[in-house]
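S.K.: Below is the structure I would like to discuss, written out as structure tokens.
The values are calculated or read from the model by the stated rules, or taken from the named source; none is laboratory data. Here the structure is a predicted model, which is why all the values come from computation and not from measurement. Positions of Cβ are generated from backbone atoms using ideal geometry, with glycine treated the same way; all protein chains shown enter the neighbour counts. These area figures cover heavy atoms from the full protein model, side chains too; ligands, DNA and RNA do not enter into them. Shrake-Rupley method; radii C 1.70, N 1.55, O 1.52, S 1.80 Å.
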Amino acid sequence: AQSVTQLDSHVSVSEGTPVLLRCNYSSSYSPSLFWYVQHPNKGLQLLLKYTSAATLVKGINGFEAEFKKSETSFHLTKPSAHMSDAAEYFCVVIDTGRRALTFGSGTRLQVQP
Amino acid sequence: NAGVTQTPKFQVLKTGQSMTLQCAQDMNHEYMSWYRQDPGMGLRLIHYSVGAGITDQGEVPNGYNVSRSTTEDFPLRLLSAAPSQTSVYFCASSYSRQAGVPQHFGDGTRLSIL
């Protein structure tokens, strides 16, 4: 079965500094991976997706993620944090059996002024 | 441009009461699903549907029923509410069952069971 592990439950950065949110996956074959963002009291919005094309994936709002098979990782990065980036971020893998999403436990990103 | 619409946004129930959470999408999506979100646990799949008339269980189906009589609607029923069902519920849809197709989420229903 596929699964994802988000290595940090909370990350705090200063505005204008880089963001790194870490995610490791477990899958017996090439997975489809996503990052979703959830702002307070809102639903989830897709940031980016990896589906075995380019290993470096660019998403919305300046975020990108790199798929590294050798490290089973799919870390999310952004060169410069903005106050509006403060939210909870979920790393997600497709459960191909159910065609449903399997979520990590989430990383809450705080951005300090 | 409604997307996925969930109603109600908030609900408080007493233990043992029943209720239906509504979910509707206007994108003609084939695939719909229900998740619950609990602190520190991400989202967990309750039930899903790959088309009208077809439903199946997810990871945490106990205490919930679903039906899919139309493409647009996918209601979630709590048969006899329990405090353990206090959670935020999200409905999602996508146009295909294929892996890699992103899902569209509603804004959630916040449910408290007393």
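S.K.: Carbon and sulfur: what percent of the stretch B:1-106's accessible surface (1.4 Å probe)?
M.R.: 49 percent
S.K.: Going 7 Å from the Cα of A:ALA1 in the Cα-to-Cβ direction, what parts of the stretch B:37-60 have a backbone nitrogen less than 13 Å from that spot?
M.R.: Residues passing the 13 Å test: B:44-46, B:58-60.
S.K.: Sequence gap at least 6, Cα distance under 8 Å: using those rules, report the relative contact order of chain B to the nearest whole percent. List each step's numbers first, then the result.
M.R.: Working: 296 pairs, mean separation 40.6, N = 114.
Computed over chain B, the figure is 36 percent.
S.K.: Counting Lys and Arg as +1 and Asp and Glu as -1, what is the net charge of the other residues whose Cβ lies under 12 Å from the Cβ of A:LEU48?
M.R.: Residues near A:LEU48 contribute +1 overall.
S.K.: Shifting gears a bit: Filter the trypsin sites (Lys or Arg not before Pro) in the stretch B:17-114 down to the DSSP loop ones having no more than 11 other Cβ atoms within 10 Å, then list what survives.
M.R.: Of the trypsin sites (Lys or Arg not before Pro), not one in the loops of the stretch B:17-114 has a Cβ with at most 11 other Cβ atoms within 10 Å.
S.K.: Pull up all non-local amide H partners of B:ALA82: gap of 5 or more, or a different chain, and H-to-H distance under 5 Å with H placed in the peptide plane.
M.R.: Those qualifying (amide H under 5 Å, at least 5 residues apart or on another chain) are B:GLY16.
S.K.: Show me you know the interface measure: the accessible area buried between B and A, both chains summed, probe 1.4 Å, in Å² to the nearest 100.
M.R.: 1700 Å²
S.K.: Using alpha carbons only, how many angstrom separate the centre of the stretch A:11-43 from the centre of the stretch B:21-50?
M.R.: The stretch A:11-43 and the stretch B:21-50 have Cα centres separated by 20 Å.
S.K.: B:GLY108's amide H: which non-local residues (gap 5+, or another chain) put their own amide H closer than 5 Å, with H modeled 1.01 Å from N in plane and none for Pro or chain starts?
M.R.: Long-range HN contacts for B:GLY108: B:GLN6, B:CYS91.
S.K.: Now, a different point. Under 16 Å between alpha carbons: how many lysine pairs meet that in chain A, if sequence neighbours fewer than 8 apart on the same chain are excluded?
M.R.: Total qualifying Lys-Lys pairs in chain A comes to 6.
S.K.: Using a 1.4 angstrom probe, figure out how much accessible area the protein assembly as shown has per residue, in square angstrom, rounded to the nearest whole.
M.R.: Accessible area per residue: 46 Å².
S.K.: Rounded to whole Å and ordered largest first, report the semi-axes of the equivalent ellipsoid of chain A derived from its Cα gyration tensor (root of 5λ).
M.R.: 23, 15, 12
S.K.: According to the Kirkwood expression over distinct Cα-Cα pairs, how big is the hydrodynamic radius of the stretch B:1-103, in Å?
M.R.: In the stretch B:1-103 this quantity evaluates to 14.0 Å.
S.K.: Accessible surface of A:SER80 in the full protein assembly, 1.4 angstrom probe, to the nearest 10 Å²?
M.R.: A:SER80 exposes around 60 Å² with every protein chain in place.
S.K.: With a/c under 1.5 counting as rounded, go ahead and sort the protein assembly as shown into rounded, prolate or oblate using the C-alpha gyration tensor (a ≥ b ≥ c being the square roots of the eigenvalues; past the cut-off, prolate if a/b is larger than b/c, else oblate).
M.R.: Values: a/c = 1.91, a/b = 1.45, b/c = 1.31.
It is prolate, given that a/c is not under 1.5 and a/b is the larger ratio.
S.K.: With the full set of protein chains in place, find how many percent of the accessible area of the stretch A:1-65 is carbon and sulfur; take the probe as 1.4 Å.
M.R.: 51 percent
S.K.: Next question. For a Förster distance of 35 Å, can you work out the FRET efficiency between the beta-carbons of A:ASP8 and A:ALA53, rounded to the nearest 0.05? Numbers along the way, then the final one.
M.R.: Working: r = 27 Å, r/R0 = 0.78.
Approximately 0.80, to the nearest 0.05.
S.K.: Now, a different point. Which GluC sites (Glu not before Pro) in the stretch A:34-113 sit in a loop by DSSP (not H, G, I, E or B) and have at most 13 other Cβ atoms within 10 Å of their own Cβ?
M.R.: A:GLU71
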